[in-house]
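To keep things clear, I will list the structure first and then write my remarks on it.
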Amino acid sequence: MACAPSLVKYLLFLFNFIFVVGGIALVALGALTYTRFEQYDDLTMDLGIGGFRGPPIAMMICGTVIFFIAFLGCCGALRESHTMMTMYGTILAILLILEIGLIIVAAIYKDDVEEGLQKGFLDSMKNYGGSSDIDMEQTATWDNMQQRFKCCGTMSYKDWHKPEIGTGDKNVPASCCKDSDGPNKCPPTGLPFPPDTERIYTDVVIFNTHAYIP
């Protein structure tokens, strides 16, 4: 029975050490995701949450909080400090309440976030092929994004044929094409509607960017 307190202490230390490592990994993944998506942030700035920057920043903040709380738990377990363990338990209880609240809020506003993303992407498509510096920047971003994510349009490749969107010729951009070099390579002006769907990507940005993990 004398070994029981020591066993509990080291199990608690091990449990918190796993979360220390997890917190560091979450910060690293958030930083990597932030770097990967930073160039696409101009497409969704109207969301008011920093576009693509919001989720990775939230990941880094959560990872930092998890790290410090778990580190506090490790130190409290090894030192058998009643004060540190009390602080640790109190913080965990507060985080549990906040987590429940965030889950409820996320469930309520999920559709609003989806609609905001769609609006941000569709609005930016209106600038595609324009001559201003902002238009050219967003055109390059769209071309880069469609090639990287192997997708075309926000909700469908047909988005490029809408009257208010895209270039004057209403072609599907060449960046939607699967073959960037070879016999099936698309011309620089893209493909006229209706395009040969065997030659273009038919997945869409709104889903592929969500699923993308660097």
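Please treat every number below as a calculation from the coordinates, not as lab data. A quick note: this is a predicted structure, and the numbers were derived from the prediction, not measured. All Cβ positions, glycine included, derive from the backbone under ideal geometry; neighbour counts span all protein chains shown.
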Item to complete: Could you calculate the contour length gain from Leu32 to Arg79, that is, 0.36 nm times the residue separation minus the distance between their Cα atoms, to one decimal place in nm?
Response: 13.4 nm
Response to the item:
Non-local residues with an amide H under 5 Å from the amide H of Ile200, with H modelled 1.01 Å from N and Pro and chain starts lacking one, are Lys178
Discussion item. Using the basic label-point model (7 angstrom from Cα toward the beta carbon), what is the Asp133 to Thr64 distance in nanometres?
Written reply: 3.2
Item to complete: Note down the nm distance, to one decimal, between modelled labels 7 Å out along Cα→Cβ at Phe193 and at Lys178.
Response: 2.3
Worksheet item: For Val172, which sequence-distant residues (separation of 5 or more, or a different chain) have an amide H within less than 5 Å of its own amide H, given hydrogens modelled in the peptide plane?
Response: Leu191, Phe193
Worksheet entry | Vicinal HN-Hα couplings computed from phi for segment 116-127 (Karplus, 6.51 cos²θ - 1.76 cosθ + 1.60; Hz; Gly/Pro x) | x, 4, 4, 4, x, 5, 5, 5, 5, 5, 5, 8
Worksheet item: Going down the table (Lys150/Lys185; Lys126/Lys150; Lys126/Lys178; Lys126/Lys158; Lys119/Lys178; Lys119/Lys150), which pairs top 18 Å between alpha carbons?
Response: Lys126/Lys150; Lys126/Lys178; Lys119/Lys178; Lys119/Lys150
